[in-house]
């Protein structure tokens with residue numbers, strides 16, 4: 001009589017054959033956490049120190065760090081990888097990129113229009129307050 005076949009690719013002890021499985025190790029989570037902290041701290045530092053003269057340059061750099069951080073989260077926390085059964089499919093990758101573009105472009109569009117629409121009234125209020133004195 002032969003041993004029962006396990007369809008999940010695991011041996012009798014619950015370990016995968018040459019596969020890390022779908023769960024990350026403590027090392028993977030630690031690396032992901034450290035990278036996330038660094039990818040958050042650098043843009044924070046860039047804004048606080050006003051490292052770039054133009055705010056548009058700062059915004060583009062921050063968006064670049066945000067895109068990298070999304071990839072870090074996908075690899076280290078969502079455990080997506082190049083293996084067909086474990087993660088990245090072409091459709092999931094395209095969907096992620098489309099969502100990323102929509103969120104980033106939408107955020108920039110909203111912030112730009114809020115800045116344009118809010119600033120004129122603030123300037124008029126300042127002039128009105130100076131006239132009252």
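Residue 119: at pLDDT 90 or above and surrounded by fewer than 13 Cβ atoms within 10 Å (Cβ to Cβ), yes or no? Taking the combined requirement at face value, the residue does not satisfy it. For segment 25-56, the set of residues classified as surrounded by fewer than 11 Cβ atoms within 10 Å (Cβ to Cβ) and outside any helix (DSSP H, G or I) consists of 25, 49, 50, 53, 54, listed by residue number. Looking only at segment 57-111, residues that are outside any helix (DSSP H, G or I) and at pLDDT 85 or above come to 1 in all.
The values are calculated or read from the model by the stated rules, or taken from the named source; none is laboratory data. This structure is a prediction, so every number in the text was calculated from the model and none was measured. Note that each Cβ is placed from the backbone with ideal geometry, even for glycine, and that neighbours are counted across all protein chains shown.
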